[in-house]
1. If one takes the longest principal axis of the Cα atoms in the chain, at what angle in degrees, from 0 to 90 and to the nearest 10, does the Cα axis of helix 25-35 lie?
2. Count the lysine pairs in the chain whose Cα atoms sit under 21 Å apart, keeping only pairs 8 or more residues apart in sequence or on different chains.
3. Using mean Cβ contacts within 10 Å as the protection proxy, how do 27-35, 102-110 order, highest first?
4. Output ³J(HN,Hα) for region 81-93: one whole-Hz value per residue in order, computed from phi by the Karplus curve 6.51 cos²θ - 1.76 cosθ + 1.60 with θ = phi - 60°, and x for Gly and Pro.
5. Send over the Kirkwood Rh of the chain, from the inverse of the averaged 1/r over different Cα pairs, rounded to one decimal Å.
6. Given Cα pairs under 8 Å that are at least 6 residues apart, what percent is the relative contact order of region 48-112?
7. Please report, as a whole percent, how much of the solvent-accessible surface of region 1-71 comes from carbon and sulfur atoms (probe radius 1.4 Å).
8. List the relative contact order of region 28-79 as a percent without decimals, with contacts defined as Cα pairs under 8 Å and 6+ residues apart.
Amino acid sequence: AFSLAAAAKQNISLFVNETGALPNATQATALTAALGTVDGAYVSGVVIGANGVITVTMGNKASAVLTGTTANTIVLEPTAAAGSIKWACNATSGTATIKSTVPDKYLPNSCA
């Protein structure tokens, strides 16, 4: 899932380098369209949202635990500062406003 988000992360990085800001909702829609269809064996889609938040939706051959209607997304949230971008994987139990819905036990330990 994380490797399929790489192109979306690159689009966000280029956008921030060119504009100096994270994309708004309209700009994020255009960035998602520029990605084209992103899917894989265990991922059914990757979407860029407002403020560059990337949502990876689990699907296809992923375990039924990860494809349920309420437990199927991993959220990656950027923070831009000093010319760089730091990415956070937002866990279900974390304090972020937009959280992953995949249960924490299936996320990497780096997700908070």
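1. Roughly 70 degrees between the two axes.
2. Within the chain, the lysine pair count is 4.
3. Working: 27-35: 16.1, 102-110: 14.0.
Ranked by mean Cβ neighbours within 10 Å, highest first: 27-35, 102-110.
4. 7, 6, x, 9, 10, 9, 9, 10, 8, 8, 6, 4, 8
5. On the way: mean 1/r = 0.0709 Å⁻¹.
Value: 14.1 Å, from the Cα pair sum.
6. Answer for region 48-112 is 26 percent.
7. Carbon-and-sulfur percentage of accessible area, whole number: 55.
8. 29
The values are calculated or read from the model by the stated rules, or taken from the named source; none is laboratory data. Everything numeric here is computed off the predicted structure, so don't read it as measured data. Neighbour counts run over all protein chains shown; Cβ positions are idealised from the backbone, glycine included. With ligands, DNA and RNA removed, areas are computed over all heavy atoms of the protein, side chains included. Shrake-Rupley method; radii C 1.70, N 1.55, O 1.52, S 1.80 Å.
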